[in-house]
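Notes to accompany the following structure.
The values are calculated or read from the model by the stated rules, or taken from the named source; none is laboratory data. Source: prediction; values computed, not measured. Note: ideal-geometry Cβ built from the backbone for every residue, glycine included; neighbour counts use all protein chains shown. Calculation scope for accessible area: heavy atoms of the full protein, side chains included, ligands and nucleic acids excluded. Shrake-Rupley method; radii C 1.70, N 1.55, O 1.52, S 1.80 Å.
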Number of protein chains: 2
Amino acid sequence: MGPGDDCALLQIPPNTLLAVSTDTLVAGIHFFADMDPVALGHRALAVNLSDLAAMGADPCWVSLALTLPEVDEAWLKGFCEGFFELAEYYNVALVGGDMTRGPLSITVTVHGSLPEGKALRRNGAKAGDGIYVTGTLGDAALGLQQQLGNIAVSELHQAFVRTKFEHPHPRILAGQALRDIASSALDLSDGLLGDLAHIASASDVRAVLKLEQLPLSTAMTDSVTQEQAWQLALTGGDDYELCFTVPEMHRGQLETALAHCGVKFTRIGRIVAGEAGVELLADGKPYQLDARSWDHFRSGI
Amino acid sequence: MGPGDDCALLQIPPNTLLAVSTDTLVAGIHFFADMDPVALGHRALAVNLSDLAAMGADPCWVSLALTLPEVDEAWLKGFCEGFFELAEYYNVALVGGDMTRGPLSITVTVHGSLPEGKALRRNGAKAGDGIYVTGTLGDAALGLQQQLGNIAVSELHQAFVRTKFEHPHPRILAGQALRDIASSALDLSDGLLGDLAHIASASDVRAVLKLEQLPLSTAMTDSVTQEQAWQLALTGGDDYELCFTVPEMHRGQLETALAHCGVKFTRIGRIVAGEAGVELLADGKPYQLDARSWDHFRSGI
């Protein structure tokens, strides 16, 4: 049963857990108020689906709470186009929502399903596991800095970095493929350094990253110095790639599983015993980052 | 599993449906920005629980997305006090959320459970059914008009109407008690006239209301004329009482069930065959309302 009554009614198959995640995007904080509404509709759903991807869940349903300064039909049409194109792609049904007047913001709640015991968690990393990420890192942050006028990106790469910021692709298939392979996982929303620290802390292990192994796009290496690239890759938010750890014994399965869903991935370090935290190595030597993470004030409650 | 990972994981018992509802409250639209944070925390959860009540569902879990102009510890403490006091009362667990910076607004998503086939819907009203409401009507609107300086309420009644606006009590127990008794139900959020029209439309029936039977508080009858009282009762929003229809054969059960949970209720009219809509009678004669519903721009999506 969909919208119309006071609640949506959802039927959950037996032996299945429901995975739920909520995110709010606020104009001026998480996106520019004049952002293309089609891109914004896509993005609002994508960042939430990314949380399902991080757990290995199958997307099922979504609620949308939209707050708008005024009813602007053209804007709404664009927003819905971006939102529902992605929703249809992953077969996610809109089951409810709310539309209110006020300063532009969007709160999306996604519901996914997971076979019992199969969730990818943050607390399973063990000493000896490899650390991996999907895709390339820092491109969304590069796109943002370019839009802010802080970094010049050559015309050749502008569409790419803009797309990485505006059209993130939630790694749903990769997350599902990792269910029986990864020992821990999360999605990169706030930046690799901070996000990986959550795995280290939840698993009580030490993560050692080899910076020269961080996957960087040509757009990145063409636009900034190596130091800047590492800074963006480590602390730039909004990549929505997956970061995950895999025991050595599952390494072969990993190659097969991610090749199967066509997702590029890179080993960027390993988990060791020791004080919980993240350690950076550049060419084998300890590396100190000038850490000014792009803080958009988001925090789990 | 609660907050910490990317999603909350919820286990739904077999043969149970999940009822989900989302509502956004925006400062300046749904509440005054300087509203007592304790009351606001209560209210933000209460209006969502009311949607579960309307379906007859058991409240289970809640997600909270909070957007604040700045981190104000004292305000947050108050908000959480109001929110969690009500959450604990109904044994609702916080399973996730998001905190962002921006203009003050609150989006709450509640999850409840329902035995299969037991949901109270809007489309089950039949000719011959009685129309009922819980509590008294229009008091929250009266409280709002008093705060806006449009209606004078004597000191004796000010605390009462303020409480009706700020501390609505979701009719959870009444909703559950009505599961096998009512043919349709919803909660009164936008005003009796508009909300009952939803039942009439979904059920394709005509609702005939007898205005002199509308339950009015002493605060109401002491503060305004009968015409004004009917106006507030019919079009004032935010009552969060239940409106429901009951077949004659269940009338006895109704008395017992609602007496059992201590909820006052009143028969205010009946369902007849005919063109879908709501008809008003005052002392048996057709009554025309000067209908200016208190529109807060809320609409189902």
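Some observations on this one:
- Most mobile of B:ALA182, B:ALA282, B:ALA65 in a GNM of chain B (Cα contacts under 10 Å): B:ALA282
- Spatially proximal lysines relative to B:LYS164 (Cα-Cα < 25 Å; intrachain offsets below 8 disregarded): B:LYS77, B:LYS210, B:LYS264
- Table column - 3J(HN,Hα) (Hz), region A:25-37, Karplus curve with 6.51, -1.76, 1.60, x for Gly and Pro: 10, 10, 4, x, 10, 9, 7, 6, 4, 9, 4, 3, x
- Extension reserve of the A:LYS285-A:LEU76 stretch, reckoned as 0.36 nm per residue once the Cα distance is removed: 70.0 nm
- Phi to ³J(HN,Hα) by Karplus 6.51 cos²θ - 1.76 cosθ + 1.60 over region A:249-265, Hz, x for Gly, Pro: 5, 9, 5, x, 4, 4, 3, 4, 5, 6, 4, 4, 9, x, 9, 6, 9
- Stretch gain in nm, segment A:ALA259-A:GLU212, where the contour uses 0.36 nm per residue and the Cα spacing is subtracted: 14.6 nm
- 4 °C / 1.567 mPa s Stokes-Einstein diffusion coefficient of region B:88-219, Kirkwood radius on C-alpha pairs, µm²/s: 73
- Reach of B:LYS126 by Cα under 18 Å, taken over aspartates and glutamates that are not fewer than 8 positions away in the same chain: A:ASP5, B:ASP180, B:ASP195, B:ASP204, B:GLU248, B:GLU275, B:GLU279
- Karplus 3J(HN,Hα) series, Hz, for region A:139-146 with 6.51 cos²θ - 1.76 cosθ + 1.60 (x for Gly, Pro): 5, 5, 5, 4, x, 5, 5, 5
- Per residue, region A:83-194 exposes 36 Å² of solvent-accessible protein surface, assessed with a 1.4 angstrom probe and all protein chains in place.
- Hydrodynamic analysis of region B:19-89 uses the Kirkwood radius over alpha carbon pairs. Inserted into Stokes-Einstein at 25 °C and 0.890 mPa s, it gives a translational diffusion coefficient of 192 µm²/s.
- Averaged over peptide B:106-113, the number of partner chain Cβ atoms lying within 10 Å of each residue's Cβ comes to 5.
- Gain in span if fully extended, B:SER201 to B:ALA273, counting 0.36 nm per residue against the direct Cα distance: 24.7 nm
- Of the GluC sites (Glu not before Pro) in region B:69-113, those whose Cβ has at most 10 other Cβ within 10 Å and which sit in DSSP loop: B:GLU70
- Between region A:1-57 and region B:235-261, the Cα center-to-center distance that results, in Å: 35
- Top of A:ALA229, A:ALA125, A:ALA93 by mean-square fluctuation, Gaussian network on chain A, Cα under 10 Å: A:ALA93
- Projecting 7 Å from Cα along the Cα-to-Cβ direction, the label point of A:LEU289 sits 5.9 nm from its equivalents in the other copies, listed shortest first.
- Per the Debye formula on identical point scatterers at the alpha carbon atoms of the protein assembly as shown, with no solvent, log10 I(q)/I(0) at q = 0.08 Å⁻¹ is -0.60.
- B/A buried area, accessible surface, summed, 1.4 Å probe, Å²: 5100
- Placing a label point 7 Å from the Cα of A:LYS118 along the Cα-to-Cβ direction, the residues of region A:260-281 with a backbone N closer than 16 Å are A:261.
- Stokes-Einstein D in µm²/s, Kirkwood radius over Cα pairs - chain A at 37 °C with 0.692 mPa s viscosity: 165
- When the solvent-accessible area of chain B is split by element, carbon and sulfur atoms take up 50 percent of it, the probe being 1.4 Å.
- Relative intensity, log₁₀ I(q)/I(0), of region A:130-286 from a Debye sum that treats every alpha carbon as a point, q = 0.13, 0.14, 0.15, 0.20 Å⁻¹: -0.58, -0.67, -0.77, -1.27
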